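What follows is a set of notes on a single structure, which appears directly below.
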Amino acid sequence: MDERTRILQMVANGKVTVEEAEKLLDAVTGKEPGDRPPKTGTILPDYLFVKVISEKNDNVDIKVPLSLIRAGMRLTSLIPNDAMNEINRSLNEQGISFDLTNLRQEDVETLIRSLSEMEVNVTSKNGDTIRVYCSA
Amino acid sequence: MRLPPTFIVVKVTPPRQKTIHVWLPVVLLWPLVLLLLTLPFFLILLADLLTLFRFRLTRLMVAVLALTLELRGTCVTVSPAGSARKTTLIII
């Protein structure tokens, strides 16, 4: 059973709404949903969306303002140096060469701007679908 | 200027029934929170002054408050399996 048929089957079974199915189909076909802003780089996304649609109908839909993430990132500057060094060492051990001590406000802004072009779609073997994206 | 969350809305949609809206006026708690935070704020500021801002406690408190302000617009919808009930929490 291909992805498209599976989504249509989920609609037929009443597991997802037509609106949710439309978004899933867009994600599967790689098409941009109509309500998404154009990827010009000038429009900053306002929200981070996380949508989980499980085969067992355990659905979760989360919308988080990106300003919350921005404020959370600012907290990293308040982490004590000892703890920061420990975090950096752990990141390096995992193969991530990312130095949190050098994280500046401009970097956070760039990171958030880049999120507008990010979209993560995961479809597990048992039919669960996870979609993470940013939108205005 | 960002305002703190004013309402928390909980929407519960039971199967084949009308949606129930519960509006929690967080705005009424603002004066109380302000009162409760005033004394700790000055104590933290004093502690910071005594330790020459070594622990950056005041900045930490301000950052946590800023984080609370940014909660506006958060929306979480949960539809558990086995029940057709849908619950939505919106912070406005």
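Data table
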| quantity | calculated |
| --- | --- |
| Accessible solvent surface per residue of the protein assembly as shown, calculated while the other protein chains remain in place, 1.4 angstrom probe, Å² | 65 Å² |
| Over 21 Å (Cα to Cα) - which of A:LYS125/B:LYS11; A:LYS56/B:LYS18; A:LYS56/A:LYS125; A:LYS23/A:LYS56; A:LYS51/B:LYS18 fall in this group | A:LYS125/B:LYS11; A:LYS56/B:LYS18; A:LYS51/B:LYS18 |
| Gyration tensor (alpha-carbon) shape descriptor, the protein assembly as shown, a/c threshold 1.5 | oblate |
| Cα gyration tensor of chain A - equivalent ellipsoid semi-axes, whole Å, descending | 35, 18, 13 |
| Cα-based radius of gyration of chain B once divided by 2.2 N^0.38 Å, which approximates compact folds | 1.54 |
| Solvent-accessible surface ranking, highest first, for A:LEU75, B:LEU29 at 1.4 angstrom | B:LEU29, A:LEU75 |
| Accessible surface of the protein assembly as shown [probe 1.4 Å, protein heavy atoms]: carbon and sulfur percent | 64 percent |
| Degrees, to the nearest 10: B:30-50 long Cα axis against longest axis of chain B | 30 degrees |
| Given charges at beta-carbon only (K, R positive; D, E negative), |dipole| of region B:40-92 in Debye | 140 debye |
| Ranked order, B:CYS75, A:CYS134 - accessible area, probe 1.4 Å, largest first | B:CYS75, A:CYS134 |
| Relative contact order (%) - criterion: Cα under 8 Å, at least six apart; region: chain B | 42 percent |
| B versus A: buried accessible surface, summed, Å² (probe 1.4 Å, to nearest 100) | 1500 Å² |
| Cβ-based charge dipole, chain A, positive-most Cα from A:LEU48, A:LEU115, A:ALA27 | A:ALA27 |
| Check: the protein assembly as shown dipole with +1 on Lys, Arg Cβ and -1 on Asp, Glu Cβ, in debye | 700 debye |
| Which of A:PHE98, A:GLY72, A:ALA83, positive extreme of dipole for chain A (C-beta unit charges) | A:GLY72 |
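The values are calculated or read from the model by the stated rules, or taken from the named source; none is laboratory data. The structure displayed is predicted, hence computed values, not measured ones. Every residue, glycine as well, gets a Cβ built from its backbone with ideal geometry; the counts of neighbours run over all protein chains shown. Just so you know, the surface numbers come from the protein's heavy atoms only, side chains and all, with ligands and any DNA or RNA stripped out. Shrake-Rupley method; radii C 1.70, N 1.55, O 1.52, S 1.80 Å.
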